Amino acid sequence: QVQLVESGGGLVQPGGSLRLSCAVSGTAFSIYTMGWHRQAPGKQRELVAAITSGSSTRYADSVKGRFTISRDNTKNIVYLQMNSLKPEDTAVYYCNRHLSGAVYSSPSSYWGQGTQVTVSS
């Protein structure tokens, strides 16, 4: 059974940083693209960043230059380093094991429980 467990969320002031982690088990982690997605209150869930097994990446325009996705295929963990955080980054952040290893692959039905990120002064 695929399990994804996110951690690292919290309350941070505008301009601050957080690092999210997602530990993955029950799947062949290294062959799939992994994605970080987020959902703000009243909004649809959206892709924030994705990374392939070979570390090709893509980002939402709203986070380019501020967020960095990475992965450790030896530990089955995917990270999201978030810098220069803005109030509009406030959301629940979820990781997902995508449907394939392509950088533009779609998310699967495998979601973690999410971790809350709140950016506020």
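The values are calculated or read from the model by the stated rules, or taken from the named source; none is laboratory data. Since the model is a prediction, treat every value here as computed from it, not as a measurement. We place every Cβ from the backbone using ideal geometry, glycine too, and count neighbours over all the protein chains shown. These accessible areas exclude ligands, DNA and RNA; they are computed on the full protein's heavy atoms, side chains included. Shrake-Rupley method; radii C 1.70, N 1.55, O 1.52, S 1.80 Å.
Could you list, in sequence order, all residues of the stretch 60-90 that are within 12 Å of Leu20 (Cα to Cα) and either in a helix (DSSP H, G or I) or open to solvent by 40 Å² or more (accessible area, probe 1.4 Å) (or both)?
Thr68, Ser70, Gln81, Asn83
Look through the stretch 92-117, keep the residues that are part of a strand (DSSP E or B) and in contact with a helix residue (DSSP H, G or I) (Cβ under 9 Å, 6 or more places away or on another chain), and return whichever of them is least open to solvent (accessible area, probe 1.4 Å).
If we take residues in the stretch 92-117 being part of a strand (DSSP E or B) and in contact with a helix residue (DSSP H, G or I) (Cβ under 9 Å, 6 or more places away or on another chain), then Val117 is least open to solvent (accessible area, probe 1.4 Å).
Among residues belonging to the stretch 6-56 that are of a type in the set (S, T, N, Q) and out of contact with any Phe, Trp or Tyr (no Cβ under 9 Å at 6 or more places or on another chain), point out the one that is modelled with the lowest pLDDT.
Applying the filter and picking the extreme gives Ser30.
May I ask you to list the residues in the stretch 25-59 that are in a strand (DSSP E or B), more than 11 Å from the chain's Cα centre (by Cα) and within 11 Å of Arg71 (Cα to Cα)?
Of everything in the stretch 25-59, just one residue is in a strand (DSSP E or B), more than 11 Å from the chain's Cα centre (by Cα) and within 11 Å of Arg71 (Cα to Cα), namely Thr57.
Is there a residue being of a type outside the set (Val, Ile, Thr), open to solvent by less than 50 Å² (accessible area, probe 1.4 Å) and farther than 18 Å from Gly112 by Cα anywhere in the stretch 31-43?
No - not one qualifying residue is present in the stretch 31-43.
With respect to Ala28, is the statement that it is of a type in the set (A, V, I, L, M) and in contact with a strand residue (DSSP E or B) (Cβ under 6 Å, 6 or more places away or on another chain) true?
The answer is no for Ala28.
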